[in-house]
Amino acid sequence: MAGKVTAGSGILLVTANVGSLFEDPDNLQKTWLREFYQTVQSHRPHFIAVHCQEVGGKNYEASMSHVDCFVKELLSSDAMKEYNRVRVYLDENYKSQEHFTALGSCYFLHESLKNIQQFDFKAKKFKKVVGKEIYSDTLESTPMLEKEKFPQDYFPECKWSRKGFIRTRWALADCAFDLVNIHLFHDASNILAWEKSPSFYSGTRQKALGFVLDRITDQRFEKVPYFVFGDFNFRLDTRQVVESLCSTATMQTVRLGDTNEVDKLIFRESENDRKVVLQLEKKLFNYINQDVFRENNGTLFLQFDSELSCFKERLHELEISFPPSYPYSEDSSQGKQYMNTRCPAWCDRVLMSATAKDLVLKSQHSGRTQSCGPPPCLNPGEAL
């Protein structure tokens, strides 16, 4: 999202699940950086906030070494040379499972931006931002941010995974605001997500998001407008989507012989040689025509995007005008295609408090506010 928070100060907010970039740095990473630089050059913002999830990739022990190269490229590129103050916060300490979130928050301040400060949560005061600084292993003790991993009992089956949030606070001229990087729980099984509406997984995300909102609005610090942007893993209501796509189809259930557990669901047309319309498995969502999710930017499916409804008083959003941002192919030669692993969904969002939305709407008169989706060559969850 690009816009202004204060008069004359353009701000660009970017959220990107970058897990796949570190597993294929020669192709995906270069493509992603090129698109990012083009976006910066197009909007020419004064303040850039990039919130990354899955820093280091899924195989982070093997891929974490690529993170340093990624950051060095960002800081040294010609496209970013006018941003003379930088703060980078990378949660890379994967050996600490009770704290590791794999989140990365990067902030770039243009040389023309004069009146900008960052909040020290320990000293409880704003401080001038000078120079370029990178923090990684010691985020828990860094006073310029708050980082938390969700309590273990929030995790499905109480199994640790890389989920949590990082919060920073900024003051631009006389306007203070929070920027929150977030990563919520995914759908582990399409079958389980289909079983009821709303799904079990949406309940775990609701609980975790409520936890974050309570933390960033509690009594410890003054309340300010907030932007929460990251990988929320919001999914369409799988049960309702399947009923819509397969309203005239017949369903075949295939169970495992030893446990009688549902292994796959096969939906066939009643006529037309009983052609398979949709096959659903734990990690397979294979629909006959995935173009329906891209037609008219997927507007037809927004009715099934309902996970935000219980937060309508606390979180707001600009109009979605791009197709589902997940799960785009990880093959850089097929960037416009979705993988057949999950039902396409708008997992990656830029959300804001009512007071933050007021700031954004005031800026629309200047013509600088825009909500934009992922360019076709970006990959799963990488929404600009």
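The values are calculated or read from the model by the stated rules, or taken from the named source; none is laboratory data. Note that this is a predicted model, so its numbers are computed, not measured. Here Cβ is always computed from backbone atoms with ideal geometry, including for glycine, and neighbour counts include all displayed protein chains. Keep in mind that these areas ignore ligands, DNA and RNA; they rest on the heavy atoms of the full protein, side chains included. Shrake-Rupley method; radii C 1.70, N 1.55, O 1.52, S 1.80 Å.
Worth a mention:
- Helix-derived mean residue ellipticity, 222 nm - over the chain, DSSP H n ≥ 4, -39500 (n - 2.57), to 500: -5500 deg cm²/dmol
- √(5λ) per eigenvalue of the Cα gyration tensor, segment 175-291, largest first, Å: 40, 16, 10
- Segment 309-367: GluC sites (Glu not before Pro) in DSSP coil with no more than 12 other Cβ atoms inside 10 Å: Glu313, Glu319
- Degrees between helix 65-76 axis and first principal axis of the chain (Cα, 0 to 90, nearest 10): 50 degrees
- Ranking by accessible area, most exposed first, for Ile288, Ile48 with a 1.4 Å probe: Ile288, Ile48
- Proximal lysines relative to Lys223, as straight alpha-carbon distance under 17 Å, when same-chain residues fewer than 8 apart are discounted: Lys122, Lys124, Lys125, Lys357
- Note: relative contact order over segment 32-101, using C-alpha pairs below 8 Å and six or more positions apart, is 31 percent.
- For the chain, the longest principal axis of the alpha carbon atoms and the long axis of helix 200-216 meet at an angle near 10°.
- Rough spin-label spacing in nm, given labels placed 7 Å along Cα→Cβ, for Ser77 and Lys125: 3.7 nm
- Sequence-distant lysines (8 or more away, or on other chains) whose Cα lies within less than 25 Å of Lys275: Lys264, Lys283
- Cα gyration tensor shape for segment 183-243, rounded if a/c is under 1.5, else prolate or oblate: prolate
- Normalised contact order of segment 185-297, rounded percent, pairs of Cα under 8 Å and 6 or more residues apart: 26 percent
- Segment 125-165: chymotrypsin sites (Phe, Trp or Tyr not before Pro) falling in loop per DSSP and having at most 15 other Cβ within 10 Å: Trp160
- Among the listed values (i) 18.2; (ii) 20.8; (iii) 19.7, the one matching mean projected area of the Cα convex hull in nm² as calculated from this structure is (iii).
- Net charge of neighbours whose Cβ lies under 10 Å from the Cβ of Arg235, counting Lys and Arg as +1 and Asp and Glu as -1: -2
- When the trypsin sites (Lys or Arg not before Pro) in segment 116-168 are filtered for DSSP coil states and for at most 13 other beta-carbon atoms within 10 Å of their beta-carbon, the remaining sites are Lys122, Lys124, Lys159.
- Val276, Val242, reordered so the largest accessible area comes first (probe 1.4 Å): Val276, Val242
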